[in-house]
1. Looking for something surrounded by fewer than 12 Cβ atoms within 10 Å (Cβ to Cβ), more than 30 Å from Tyr394 (Cα to Cα), away from ligand 1 (no atom under 16 Å from the Cβ) and of a type in the set (Gly, Ala, Ser) - is there at least one such residue anywhere in segment 137-144?
2. Pick from segment 115-147 the residues that are part of a loop (DSSP other than H, G, I, E, B) and closer than 30 Å to Arg63 by Cβ: which of them is farthest from ligand 2 (Cβ to nearest atom)?
3. What helices (runs of 4 or more DSSP H), lying completely within segment 349-415, carry at least 1 residues that are out of contact with any helix residue (DSSP H, G or I) (no Cβ under 8 Å at 6 or more places or on another chain) and surrounded by fewer than 16 Cβ atoms within 10 Å (Cβ to Cβ)?
4. Given the structure, is Val236 β-branched (Val, Ile, Thr), more than 14 Å from ligand 1 (Cβ to nearest atom) and assigned to a helix (DSSP H, G or I)?
5. Out of the residues in segment 186-237 that are among the basic types (Lys, Arg) and farther than 30 Å from Arg46 by Cα, which is nearest to ligand 2 (Cβ to nearest atom)?
6. Hey, does segment 321-336 have a residue that's in contact (Cβ under 8 Å) with a residue 24 or more places away in the chain, within 16 Å of ligand 1 (Cβ to nearest atom) and farther than 18 Å from Leu398 by Cα?
7. Which of the strands (runs of 3 or more DSSP E) contained wholly in segment 244-335 include at least 1 residues that are more than 16 Å from ligand 2 (Cβ to nearest atom) and more than 16 Å from the chain's Cα centre (by Cα)?
8. Hydrophobic (A, V, I, L, M, F, W, C) and in a loop (DSSP other than H, G, I, E, B), is that true of Ala341?
Amino acid sequence: MPTEFLSSDEIRAAFSAALSDMYRKEVPAYGTLLTLVAEVNEATLRASPELRDRLEKTDSLDRISEERHGAIRVGTPGELATMRRIFAVMGMYPVGYYDLSDAGVPVHSTAFRPVGAAALSLNPFRVFTSLLRLDLIEDKGLRERARKVLDDRQIFTDEALDLLDRAEAGGGLRDGDAMRFVAEVLETFRWHRGAAVDAEMYRSLHDAHRLIADVVSFRGPHINHLTPRTLDIDAVQRLMPEYGITPKAVIEGPPSRACPILLRQTSFKALEEPVLFPDAQGRMVEGRHTARFGEIEQRGIALTPKGRSLYDRLLAEARSVVRPAADGSNVDDYRQALSQAFKSFPDDWHEIRRQGLGYFSYSVDESQISDVNRGAGLEALIAAGIVHFDPIVYEDFLPVSAAGIFQSNLGDDSSAELAASPNRSMFEDALGAAVIDEFEHYRGIEAASLARCRERLGEVEL
Ligand code: OOG
Ligand code: NI
């Protein structure tokens, strides 16, 4: 009976919480970041009753403190395909295709996340998941050695695979099994101090690209960061040093605005951690590896294709004036160029909506409903205060920002030159499914909200 199953939303929430607990123990600075973000969010809500009110009305206040994303990097098509099946049990599906080769990072990626307004409002946990592009390693000998190491490893426990088969065959998992599934899948995300390759192989991989060393040298795709959501990223960025955390130089994404759009992100640098490499005699030799970090993000409205191309154009414009240096030396100039460029992006919800730049969720104000002038049309109903509109939150990622995040934790000296070579069909073949189009998804949420208004208001023209 399906009702005996734990819902995929519950499994996702349990997994997200378990992962956060594990990462807090593995990387204590992440715990500090959570404390800082909680304090800033509290203060922001206290200072802005309108924001609190809007978040409450759109059912998104509760989700914010629980909200986070993480990232992993897998090595083979088989690993990616199994990850897709595992995430599906948690109600997470691949949305979007991100090519990072353009930015000198030999991966392509998707984000596994819940889709649809209801699942998102229950728990919007997402995992940015990258697949290594061995085809972009130039040295053929090294490429084949790396492939062999990856082909020989098994990143999932037997029990996780067994429960996965059972979930698919039976259409879900009962309580105890679901919790065992969460615990077993967590093993794949765990950090292992013992490397799977010797120090010499690690060095060759590292010389080819630091990211390749990170993916190939270990037994599994350890979670490399977790990112809580803040309501005021500028405040968190400013306060990080007071909490003993050094932030990266610039906040990625759009500038600070009254009406937040898309996504702004910043991170603290990856830690250098002790690892153990096996030698030919089976002894362990100490070494170091840098991979795991912490990140924070502030989310704004999801943009339509028209809004998104305006965003992309203005960002490119700012970056053509000042390219942000990794050492932070031109951060003020960059900030200035960014806010100058974004003067052309309306900073008013009405205007963003009127110009068709963003997606909104529409609702009927029940207290005003007796005044409905049937046939008035959507614009008149909005003007009369009968229909309200709220920005739909952007749930996805941004390739230029993601590249900046990758770079900052790979070491600032590591901008390898790679030819841009997006290959979405190769990615989807590996995944074993097509990725969902993010714009379609937001358009669907907007359309469903309008349909609900129509239902409530009868024959009114919307
Ligand atoms: C993923 C970097 C991208 C984001 O928030 O844009 C990312 C990685 O470093 O594996 O997480
Ligand atoms: Ni991230």
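The values are calculated or read from the model by the stated rules, or taken from the named source; none is laboratory data. It should be emphasised that the depicted structure is a prediction, and the values quoted were computed from it without experimental measurement. Here the Cβ positions follow ideal geometry from the backbone for every residue, glycine too, while neighbour counts run over all protein chains shown.
1. yes
2. Selected residue: Gly116.
3. The helices (runs of 4 or more DSSP H) meeting that bar are 349-354, 378-383.
4. Yes: the conditions hold for Val236.
5. Filtering first and then ranking leaves Arg210.
6. Looking for residues that are in contact (Cβ under 8 Å) with a residue 24 or more places away in the chain, within 16 Å of ligand 1 (Cβ to nearest atom) and farther than 18 Å from Leu398 by Cα, one finds at least one in segment 321-336, hence yes.
7. It comes to 272-278, 284-290.
8. Spelling it out, it is not the case that Ala341 is hydrophobic (A, V, I, L, M, F, W, C) and in a loop (DSSP other than H, G, I, E, B).
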